[in-house]
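Any read-out appearing in this document is the output of simple, stated calculations on the displayed coordinates, not a laboratory observation. Model, not experiment: these values are computed from the prediction. Quick reminder, even Gly has a Cβ in these numbers, built from the backbone with ideal geometry, and neighbours come from all protein chains shown.
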Amino acid sequence: TIILGLESSCDETAAALVTADGRILAHRLATQEEAHRPYGGVVPEIAARAHVEALAPLIEAALKDADLTLDDVDVIAATAGPGLIGGVMVGLVTGKALAHAANKPLVAVNHLEGHALSPRLADPTLQFPYLLLLVSGGHCQLLHVRGPGDYARLATTIDDASGEAFDKTAKLLGLGYPGGPAVEKAAAKGDPKAVPLPRPLVGTAEPHFSFAGLKSAVMRAAQSGRYSTQDIAASFQQAVIDCLIDRTERQLAGVQDITALVVAGGVAANQSIRAALEALAAKHDLPFVAPPLWLCTDNAAMIAWAGAERHAAGLIDDLTVPARPRWPLDPSAEKARGAGV
Ligand code: ATP
Ligand code: MG
Ligand code: FE
């Protein structure tokens, strides 16, 4: 079984071909970083137009790389949300058109499920259920991952996402866009103990994350003129790590049945964060799984793979499936906390 995956929910346009047994036959990606850089963040209208231009050639290129035609594809998987609605619609409508024209089943993939299942593409031995720290540009959550379509959200951020905190810190420090890799690079040359910064919610009984106070403290440190950019970056990164580790360890004390500690999403590309989580897993005698860096940030291989997992579980969609700008993995948790988080 061969799955074509399409991704267009943010500022990466991507197409990939993956088999149901987890072989990546081709993956193509076009990033829009240059187009958005002058604005210091993603501009939705520019993103949507760029997806329209990039997607069809990427699909053709991926098919050519794999030496396949659309006829050889068995399943079409496209991101249907959450994300910037203009971009999501480009990928989803393209997926619907291909599915209709070639008479193949369509799987509408939740982008977060793409991130959440990507560790199983990277490591086929990873079994459900696992504890997942999902850290990306728009999200920071701890999830009990039980299977395709079956997630319990244990914690989320009450304000900024972790990637958002990296991006805002980069902007404050004049390190440019996208912020995560730039902050990581600057942090490598700084002292993580140089700047006193808060660790919001660490040690509290509630399970959630918070990064807004950290961002304000970074701003004050930068304005004080007392610290180097490298020291602020290193101290910020260490504060984020301390928050992520504390909140994750709090869950490890509660969940009994997990096979591994797993991290996914763009922020999981950060080497210091990976190392800290690996040490935490070792402390709790758990295997640690993190996808390779290219599979952490947005890509279509993870969408094709989520499509493979959902298709194998009989979860296919009809052509009326809508594009959804908001789409929680665990709707019951969303309802419990109320709107806005
Ligand atoms: P979401 O998946 O929540 O919809 P997104 O798709 O925009 O959001 P991803 O592509 O998964 O997010 O991740 C991008 C985020 O990851 C950005 O905020 C970026 O700064 C961050 N990031 C990427 N590389 C690193 C790194 N090395 N260190 C820290 N953060 C990083
Ligand atoms: Mg991106
Ligand atoms: Fe993402």
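Structure values in brief
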read-out: Qualifying residue in region 79-95 (condition: surrounded by fewer than 16 Cβ atoms within 10 Å (Cβ to Cβ) and either within 14 Å of ligand 2 (Cβ to nearest atom) or under 15 Å from ALA300 (Cβ atoms) (or both)); value: no
read-out: Selection from region 17-39 of residues that are among the aliphatic types (A, V, I, L, M) and within 16 Å of ligand 2 (Cβ to nearest atom); value: LEU29, ALA30, ALA35
read-out: Number of positions in region 111-138 that are touching a Pro at 6+ places or on another chain (Cβ under 7 Å), polar (S, T, N, Q) and surrounded by fewer than 24 Cβ atoms within 10 Å (Cβ to Cβ); value: 0
read-out: Scope region 184-207; condition under 19 Å from ASP159 (Cβ atoms) and in contact (Cβ under 8 Å) with a residue 60 or more places away in the chain; matching residues; value: PRO207
read-out: Condition broken by ALA275, with the remaining ones in (1) within 16 Å of ligand 2 (Cβ to nearest atom); (2) over 13 Å from the mean Cα position of the chain (by Cα) satisfied; value: (1)
read-out: Selection from region 139-152 of residues that are surrounded by fewer than 19 Cβ atoms within 10 Å (Cβ to Cβ) and on the phi < 0 side of the Ramachandran plot; value: ARG146, ASP150, ALA152
read-out: Residue satisfying condition, being in contact (Cβ under 8 Å) with a residue 24 or more places away in the chain, in contact with a helix residue (DSSP H, G or I) (Cβ under 7 Å, 6 or more places away or on another chain) and away from ligand 3 (no atom under 16 Å from the Cβ), within set VAL42, VAL18; value: VAL18
read-out: Residue selected from region 103-150 under the condition within 16 Å of ligand 1 (Cβ to nearest atom) and polar (S, T, N, Q), by the criterion farthest from PHE166 (Cα to Cα); value: ASN110
read-out: Residues within region 216-241 that are in contact with a Lys or Arg (Cβ under 8 Å, 6 or more places away or on another chain) and surrounded by fewer than 18 Cβ atoms within 10 Å (Cβ to Cβ), tallied; value: 1
